[in-house]
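Working notes, structure below.
None of the figures in this text is laboratory data; all of them are computed from the coordinates on show. All figures in this text were calculated on a predicted structure; none of them were measured in a lab. Neighbour counts run over all protein chains shown; Cβ positions are idealised from the backbone, glycine included.
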Amino acid sequence: MKITLPDKSVRDLPDGSSGYDVAKDIGPGLAKSAVAIIVNGEKKDLHDIIEKDSTASIITIDSEDGLEIMRHTLAAQVLAKALKNLYPKSYLAIGPTIEDGFYYDIETSQSISVDDLEKIEKEMNKIISSKSSITKRIASKKDALKVFKSLEEPYKQTIINESDQKDNFQLYYQDQDSFVDLCKGPHLPNLSFIGSFKLTKVSGAYWKGDSKNTMLTRIYGTAWNSDKDLNKHLNSIEEAQKRDHRKLGKEMDLFHFQDEAPGMVFWHPDGWTIYRQLQNFVRQKIESNGYVEINTPLVIDRKLWEASGHWDKYRENMFITEIDEEHANEKRVNALKPMNCPGHVQIYNQGIKSYKDLPLRFAEFGACHRYEPSGTMHGLMRVRGFTQDDGHIFCTEDQIESETGLFINLLSDIYADLGFKDFNIKLSTRPEVRVGSDKTWDKAEQALESAIKNLGYPYKLDEGDGAFYGPKLDFVLTDAIGRAWQCGTFQLDFNLADRLDAEFVGEDGKKHIPVMIHRAVLGSFERFIGILIENYSGKLPFWLAPKQVVVASIVSEVNDYVMEIQELFKNKGIRTEVDLRNEKISYKVREHSSKKVPIILAIGKNEKANNTVSIRRIGSNDSKVMDLNKAVQEITKENTI
RNA sequence: GCUCAUAUAGCUCAGCGGUAGAGCACUUGCUUGGUAAGUAAGAGGUCACCGGUUCAAGUCCGGUUAUGAGCUCCA
């Protein structure tokens, strides 16, 4: 039998050889660290017999694939067994690997909490210390069903029953033990390959991810080849928690939430300063990109929402208001706008539009309210009241491609200025709940896809994820610690203009329906500010920082000089505060540093005598003495985007 | 919306049947101190809300609301 290795070398082995034999043939070191094998592109257990001439490569424990297999074995063989040992009356569901770790879902009548994790870890370590070999046997459907029937594992039986494979069910065993798991494999050849792990959390999860099904208990863990790697991972989680915008928002006194208005932000002075800076920045960008800013009502009669289709397709997300009958002559049902589009069409509809008016680009910092389910809210990232940097472009079909290009330019320009260099594009097509005919959707999807294709941007297709009125492009940016955030959106709509009677007079003198493009760059200010805070760990770029400079006195006799300095900076438009309190300079430095003020000027007798300032920047532990006027000049220069 | 957990002083948290605690912050003294916490004293709480058990409830039980972690949504 001939085995071709990745380096194209060919080895001749006796028929009936396994992956382990191949590894041993290459070298004893490899045989020692081998955990599985890839045969003709398929991952197999190390001791599976290779049936014919094949290409193969050995998976070692220290490779990516090896780590993945180790996590898988840890979940399916160790965690599952530990759970069955501790909770014999539970039923096993599934236990896959995920990024950095694994989880196992079980159904249990006893509730399992984080306090139980230590106990489970102990049981897992006991199982691992046996260093048992893992063996498998191939069973027919009937045979496999029999095994899991006798073990009283209903979920495993369901998996087997719903499987379209006939007989190739793999049952994994550990030495003489009675534990069996159904698994597609591969697994480690034995438990001595298990590295360092930690169970991290417990939560509920639906069987097969469907909220109509039973809620199972899901136990999460993370696993690595060494203690060092495990600790590195645990540290990076801690680091991410340190930049949680909810924590920083409190520490920096930017905003708060309270029970009476769940999902609605109370912006404090410093938080609102960031908001206004960001808004002015976007305003300037869109104005120079041919948009005109408008503003439309928050509360609008249901009739308009019926006409737009929102009442039908979006009602469960809408806040409805009703006038108190006793005080009103007529009863009217209104909705708080969840989107700005119908309002924009109303402004478009005032007066007759010509093809010469197109493309017409309306922009609005539109405050929207959506009734999000209670479990989905998350700080500033997912709220019920938010303001979009919204815009609607009314144009002809011929203009779609150029508008797509202009928008992507605007978006990448804004992202770059805010410190985000990378973004990905996703093309989403018709969802199940939608308005408009399939023919219209065909046209819209084709138009958007050909626009993005012709412009040459790479994109990924996401079928069925479009808005109810049209297909869209979504823009996903990557932050400083590699997380992805979907922010910008560009949605092509061939329906709404028609529904709300928007028209224009074409060159032919006849009436036509314009194409409407819904678009946003940041998405919402609330969410985007949350992203900015986390991206920068609260240390915002100078132009965005709510307090830019704090001038702190070291002794009270320099107070007049401190006030003078503040005046100079304020005159240059720098947001500057003084700290004249009777406290030590180290106390003041600590306090303003923890509030992430970019620049602290410490002022003592020397500075006053020489007309200088001592500059300390956030993130740096030294200070630099500089001539006052030069400092004003230099820092003013930094106050640009 | 679902599962589990949590809710005590402005903040972070301890207390878990028997007159409400700590650190920081706050106020007032003293201290004018050179780059991440000077010092002493004082003030501050219907223990989320509603109901139940008990001689007695932050403490045990039920419900409501909110928050957190997931799930499901959303985009």
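Between A:Gln165 and A:Lys32, how high is the FRET efficiency from 1/(1 + (r/R0)^6) when r is the Cβ-Cβ distance and R₀ = 45 Å? Nearest 0.05. Walk me through the numbers before you get to the answer.
Numbers: r = 34 Å, r/R0 = 0.75.
The formula returns an efficiency of 0.85 here.
Find out how many positive minus negative residues lie around A:Asn40, taking Lys and Arg as positive, Asp and Glu as negative, among other residues whose Cβ is under 13 Å from that of A:Asn40.
Result for the neighbourhood of A:Asn40: 0.
Within 10 Å of each candidate Cβ there may be at most 11 other Cβ atoms; applying that plus a DSSP loop requirement, which trypsin sites (Lys or Arg not before Pro) in the range A:399-434 survive?
A:Lys421
In nm, give the distance between the simple-model label positions of A:Lys2 and A:Asn409, each being 7 Å from the Cα along the Cα-to-Cβ direction.
5.8
What ranking do A:Val549, A:Val578, A:Val345 get, fewest neighbouring Cβ atoms within 10 angstrom at the top?
A:Val578, A:Val345, A:Val549
Treating the beta-carbon of each Lys and Arg as +1 and of each Asp and Glu as -1, no other charges, what is the dipole magnitude of the range A:65-226 about its Cα centre, to the nearest 20 debye? Before the final figure, lay out the partial values.
On the way: 22 positive and 21 negative charges, 75 e Å.
Dipole about the Cα centre, nearest 20: 360 debye.
Kindly list the residues of the range A:599-641 that lie in the label zone of A:Phe281, defined by a backbone N under 19 Å from the point 7 Å along the Cα-to-C-beta vector.
A:599, A:618-619, A:635-641, by backbone N distance to the label point.
Going Cα to Cα from A:Lys201, which aspartates and glutamates come in below 15 Å? Please leave out same-chain ones fewer than 8 positions away.
Within the straight-line cut-off, A:Lys201 pairs with A:Glu99, A:Asp100, A:Asp105, A:Asp115, A:Asp116, A:Glu118, A:Glu121, A:Glu238.
Please give the length that would be gained between A:Glu68 and A:Lys119 if that part of the chain were fully extended, namely 0.36 nm times their separation in residues minus their C-alpha to C-alpha distance (nm, one decimal).
Extending this stretch completely gives an extra 15.9 nm.
On the first, second and third principal axes, largest extent first, how far apart are the outermost C-alpha atoms of the range A:2-60 in Å?
On the principal axes, the range A:2-60 reaches 24, 20, 19 Å in Cα extent.
Would you calculate a helix-derived [θ] at 222 nm for chain A, using -39,500 (n - 2.57) for each DSSP H run of n ≥ 4 and dividing by the full residue count, to the nearest 500?
-10000 deg cm²/dmol
Fewest first, what order do A:His344, A:His72 take by the number of other Cβ atoms within 10 Å? Mind showing how you got there, number by number?
Details: A:His344 27, A:His72 21.
In increasing order of surrounding Cβ atoms, one gets A:His72, A:His344.
Which residues does a label at A:Lys510 reach in the range A:427-451, if reach means a backbone N under 19 Å from a point 7 Å past the Cα toward the Cβ?
Those under the cut-off are A:440.
Where q = 0.19, 0.20, 0.21 Å⁻¹, what log10 of I(q)/I(0) comes from the Debye formula for the range A:65-226, counting one point per Cα?
Cα-only, vacuum Debye calculation for the range A:65-226: -1.29, -1.43, -1.56.
Tell me which residues come under 5 Å, amide H to amide H, from A:Gly391 once H is placed; ignore anything under 5 positions away on its chain.
Result for A:Gly391 returns A:Glu364, A:Arg519.
HN-Hα J couplings of the range A:90-96 from phi, Karplus 6.51/-1.76/1.60, θ = phi - 60°, integer Hz, Gly and Pro as x?
Per-residue couplings from phi come out as 8, 10, 7, 10, 10, x, x Hz.
Between A:Leu145 and A:Met264, with labels modelled 7 Å along Cα→Cβ, what's the label distance in nm to one decimal, could you check?
According to this spin-label approximation, the distance is 5.7 nm.
Cβ under 11 Å from A:Gly466's Cβ, A:Gly466 left aside: what net charge do those residues give with Lys, Arg +1 and Asp, Glu -1?
Result for the neighbourhood of A:Gly466: -3.
For chain A, find the longest principal axis of its Cα atoms and tell me its angle to the long axis of helix A:117-129, 0 to 90°, nearest 10.
Tilt relative to chain A: about 40 degrees.
Can you give the FRET efficiency for A:Tyr459 and A:Leu580, using 1/(1 + (r/R0)^6), R0 = 45 Å, r = Cβ-Cβ distance, to the nearest 0.05?
Calculated value: 0.20.
To the nearest 0.05, what FRET efficiency results for A:Asp312 and A:Arg11 with a Förster distance of 56 Å applied to their C-beta separation?
The formula returns an efficiency of 0.25 here.
Could you compute the net charge surrounding A:Leu477? Neighbours are other residues with a C-beta less than 15 Å from the C-beta of A:Leu477; K and R count +1, D and E count -1.
Neighbour charge sum, excluding A:Leu477 itself: -2.
Would you mind calculating the relative contact order of the range A:2-60 from Cα pairs under 8 angstrom and at least 6 residues apart, reporting the percent as a whole number?
This gives 41 percent for the range A:2-60.
Give the relative contact order (percent, whole number) for chain A; include only Cα pairs under 8 Å separated by 6+ residues. Before the final figure, lay out the partial values.
Details: 1168 pairs, mean separation 55.1, N = 641.
Reported as a whole number, the value is 9 percent.
How much length is gained on full extension from A:Asp244 to A:Ser556, taking 0.36 nm per residue of separation minus their Cα-Cα distance?
Contour length minus Cα-Cα distance gives 108.6 nm.
Fewest first, what order do A:Thr376, A:Thr576 take by the number of other Cβ atoms within 10 Å? If you can, show how the numbers build up before the last one.
Values: A:Thr376 11, A:Thr576 21.
Arranged by neighbour count, lowest to highest, A:Thr376, A:Thr576 become A:Thr376, A:Thr576.
Find the relative contact order for the range A:65-226 and round it to a whole percent, using C-alpha pairs within less than 8 Å whose residues are 6+ positions apart. Could you put the intermediate results ahead of the total?
Values: 280 pairs, mean separation 46.8, N = 162.
For the range A:65-226, the relative contact order is 29 percent.
Too long at a 18 Å Cα-Cα cut-off: which of A:Lys303/A:Lys511; A:Lys313/A:Lys353; A:Lys547/A:Lys595; A:Lys595/A:Lys637; A:Lys303/A:Lys331?
Result: A:Lys303/A:Lys511; A:Lys313/A:Lys353; A:Lys595/A:Lys637 exceed 18 Å.
Of all GluC sites (Glu not before Pro) in the range A:211-274, which ones are in loop regions per DSSP and have a Cβ with at most 13 other Cβ atoms within 10 Å?
A:Glu260
Sorted by mean Cβ packing within 10 Å, highest first, what order do the peptides A:306-315, A:20-29 take?
A:306-315, A:20-29
Provide Rg and Dmax in Å for chain A, with only Cα atoms included in the calculation.
My reading of the Cα-based Rg and Dmax gives 31.5, 95 Å.
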